[in-house]
Structure formats: structure tokens, C-alpha cells
1. Can you divide the C-alpha Rg of the range 69-133 by 2.2 N^0.38 Å and report the result to two decimal places?
2. Quick one: of K237/K391; K57/K489; K180/K218, which pairs are farther than 25 Å apart, Cα to Cα?
3. If you take every residue apart from Q532 with its C-beta less than 11 Å away from the C-beta of Q532, what net charge results, scoring Lys and Arg +1 and Asp and Glu -1?
4. What percentage of all Cα-Cα pairs in the range 392-537 are separated by more than 24 Å?
5. Placing one identical point scatterer on every Cα of the range 102-148 and ignoring solvent, what is log10 I(q)/I(0) from the Debye formula at q = 0.17, 0.31 Å⁻¹?
6. Determine ³J(HN,Hα), in whole Hz, for all residues of the range 56-69 in sequence, where each value follows from phi through the Karplus function 6.51 cos²θ - 1.76 cosθ + 1.60 and θ = phi - 60°; x replaces Gly and Pro.
7. Over the range 130-228, what portion of Cα pair distances is larger than 22 Å, expressed as a whole percent?
8. Just to confirm my numbers, what's the Cα centroid distance between the range 177-194 and the range 459-500 in Å?
Amino acid sequence: MIKKFYKIAVALLVVTGLNSCSDFLDRNSLVGLSEDSFWKSEQDAIMGVNTLYSANKEFTNSIVIYGMMDDFTDISYQSFATGLTTGVFPTNAGFYLTSWGIFFKGVYRANTALKNLPGISMNEAIKNRSIGEAKFFRSYFYFKLWDYFGGVPLYDTPMNVDESYKPRNTEKEVYEFIVKDMTEAYAVLPETYDASNKGRVTKWAALAMRGKAHLWAKEYAKAAADFKELMEKSDRKLLADFHTLFRVAGNNNSEVIFDVQYIAEQGHGIATDRNYGNARGATTGSQRTRPTPKLVNTFEMKDGTPFDFKNYKNAKGGEFNPNSVEDWKDEASVRKLFENRDPRLQQSIVLPWSTFVGKGGATFLYRFPVVTSDASAYVPVWTNGSYAWRKFVETGSVYVLQDNMPQNFPLVRLADVMLMYAEAKNEELGAPDQSVFDAVNAVRKRAGMPNVSGLNKDQMREKIRQERMVELCGEGQRYSDIRRWKIAKDVVDKVWMTDFNGTQIRQRGFPDHYYLWPIPQAERDLNTALTQNPGWE
């Protein structure tokens, strides 16, 4: 809420840690300080800028219960009914207001930092870095606002309450503001950091986000140029083991370009194990978010051909019927469905007759039908025919704080950039050139999948979209993808959420006006200059 958040001085906020007590975001409180007594020293500058990471973390924390937004798409769903999945969220829903408030709080903090940093006597390299961090986050928060809400008011100073009632800027103006900030951040941010500053944004994060802004704006040549520079000049490399990307062991790996950092401490971890996790995990997760059968069926065969139930037999020798509960009860038939598939399928999702290492380090087998009385059996929360996430669910019993796992959450990683490069370059050209095939095939090669070749522009577009679906599932990228591609209504609206055996759970909804979120009604009540997005009046 603009009025509420703009009255809060950044010096009155609590710095939230991302790494450990000794690392760059310590958890010292700023409560009790005033702006007059703050922003005096280098330490003040660093602590003030660190609050920007805290605001970003706050948003990540708030949406992890929605599968990082993928639950609002066709590849995962909420186990519990929510209006944004069924198409009945009202304009005054707290979800929209909370997100708006977090982003504008971040903008205010960034503006406060940018106002005060130039006047502080401090190490020039750290000052320039701090200015770059502030510009990066101001731009990043505006990118999120632009993505979800469209045009929003642009503020480049820490205005007081009387100055915070501007009308909405156009989407083009917001895009240009984002690009300008990211360009300036890119110019001063370092390429890497020492161990004590792991997790801070780099120039490569700024370049990636500028490229994303160009891609969202359909400025394909500019987007491709930014992604190409990052791929060629940065030190980022694809991590050899895909599954390690989504475990604590993969924190701060070579592929991540921008992430949110967490530690195993109350109030400073992430709740992925509760919401993605399952009943056999060390923390007994709730499986609040679940993969859809559509996602599972999209993973190709190991040779690159499409998966098709028509190629499989049931126990009686007839064609396997995915909507038959009886067909799913035959172990031999079901096992065959998941053999010789894209390796990312087993690395991302817990499937019937696969294993899961859970409580006490024990290995549990997912028998179906589920046998709840068997101590060695994997027992999902939802026993009627549920896939479950393996991504972001820690194995074994090393970490036991359900809502505070030390799993860093990637917001931009190199595989994502490679696929965005391929998309931008493919759209820029009349037909895909070799660089488009190379980018897609690099991602597939790491997964253990064969190269694609001989595709025309339209075929390559569909292949890139499919590749993004399976590579980035569970990471929250698809919600923005299907909205910017204008296919969300086609793939979501009136589609039933089902168990893998076809049992219907809940019908989804994506009305025409869901491509943009509503401007929160509480904000419009405070600022009458804010117009509403179409369809939300």
C-alpha cells in the first residue's frame, strides 16, 4: 500500500539475513534508528542496501505456497482451492495487495538508498556497487509490477505521502525505466564476489534482467544481444547434474545468475519442504502444490519422440487408458510408462513405482494403489493418484525445519537465459539459425536428451516453449510465459485439475482479464488517480 509503505523510513526496517551471521546480510536490527542518524557511514550504506534483498525475499516467501506461480498454469495446481486458480479472485483479494505492497516497498527502499549513497564518505568501489545494487532492485521490482499489473506509477525519489498519488505511467514508459536502470546497474556492478558476499547481484544479473525486459517488450534483437553477451562473456556454466540445482548441495552453483538465499534458521529459511514436500519427507510436507498429468506427459521419450499412451498396453493387453483407475493398478504396465523418458522427469517429479529418500534417510517406494500401512512405502498426502514434486524437496533428514529450509531459490539461471536467447533469436529471424539450435541443444544435452534439428520457425517456437515447460517446471517461470505468449486462456481456462488416473478434482479458470492483475482496490481508494485494468472494474 503506497500510503502505508511510503511513510516507513528504510532506517526503521529490519535487515533480514540471507547467508549466515558472518556473511554479507547479517541480521542486526535497524529498529530505533532514524533517517537523520542513518546513512552516515559505509556500514550504514551496506546495511541499507541489504534491505532490498530482504524485500525480494519477502515476495519469494509469499508465493512459494503457489508453486512459485506455476500453480496458476497448466503444469501444476493447488491442492486447496484458490481464486486465482479457479478464476474467481476478487479485485480486493489480499494476494494482489500484498504483492503490490512488497514491490513498492522495495522501490521506496531503493530510492532512499539512491538519494543518500552519493553523500556518504566511503570506499568508492563499494559505493558504486551499492548504487548498482539499488538500481538493479528498483528496476527488478518495477519489472515485477510491469509483468503483473502493466503500467504503474513511476517514482524515482523517496517521496513523502503527499507526493505519492501519481497516475499510472504507460507500459512503454515502465519498460524504458526498467531498461535505463538495468543499463546503469550493469555498468557498475562487479562480475563476481568473494565468499562473504555470495548472493549479491552481479552485472550478469542486470544483463539477464535487461534482456528479459526486452523479450517481454518483443524487442527481440535487443534481447538476443543481451543474452548472447551473457552466454559468451560471463563465467556462468551449466551444472552437469540437473537434480543438484534444486537441492541444498547445489547452492551457489555455476549456473545460477540471480537467486534468493536462505539458511536453516527460524525465520530465515524457505518453506519449500512444506509446500512442495510430501508426507514421507523429513519435515512431513503438505504437498500444497502438485505437478499435473499434462506436465508429466509432456516429457519426451529418451530418443526425443513424444510420449503417447497409445504406445503402451494395460494388464489385459489392451491400450493403456490413463483415465482408468484399474489400468493404474498394474505395476508392470505403469512402470513401463516412465521407462526411457527424459531424465528430467524422474529428477523433477515423484512418480508411481519410483523411490524417494525421506525420513531417517530411508528409501520409500511409491506403490500404487498406496499402501498406508506399509512402513517402507512412499505415502503421498493425496493418495488417490497424485504426482509429487521432487524439485526443491530435500532428501534424507539433514534439515528438519519445515518452513526454514536452506535451499537457495533460483530466479534466473543460465539454462533459462539460453532458452530465452533461442526464443528471441528465433523470433528475430525468418528461420532459426545455428545459434538457436545450439542454445536449445545445450540445455537438452545437459539433460541427456538428443539434439533437435531441421525445424522451421514455427516448429522451433513450439519446441522452445515445450523445453521451457519441462526444464523450468516448478520454478515459477511458466505463469509469465503463458501470459506474455497470450496462450494462458487456451491452456488453462475450463481445464480440469485431475489425478493421474483422470479423477477430476477442480475446474480451472482463466478469464480474459486475468492476463493482468487488478490494481488493488485499497490502493485505488487511497489514490484516485489510479485507473483499473480492463475487466476488473
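1. Details: Rg = 19.4 Å, N = 65, 2.2 N^0.38 = 10.7 Å.
It is 1.81.
2. Those over the limit are K57/K489.
3. Working: positive: R168, R524; negative: E523, E537.
So the surrounding residues net to 0.
4. Values: 5841 of 10585 pairs.
Result for the distance tail: 55 percent.
5. Here the Debye-derived log intensity ratios amount to -0.48, -1.06.
6. Going residue by residue, I get 5, 4, 4, 5, 4, 4, 6, 10, 5, 6, 10, x, 6, 5 Hz, with x marking Gly and Pro.
7. Values: 1578 of 4851 pairs.
For the range 130-228, the fraction of Cα-Cα distances above 22 Å is 33 percent.
8. 30 Å
The values are calculated or read from the model by the stated rules, or taken from the named source; none is laboratory data. Computed from a prediction, not measured in an experiment: that's the story for all the values here. Note that we place each Cβ from the backbone using ideal geometry, even for glycine, and neighbour counts take in every protein chain shown. What goes into the accessible areas is simple: the full protein's heavy atoms, side chains included, and nothing from ligands, DNA or RNA. Shrake-Rupley method; radii C 1.70, N 1.55, O 1.52, S 1.80 Å.
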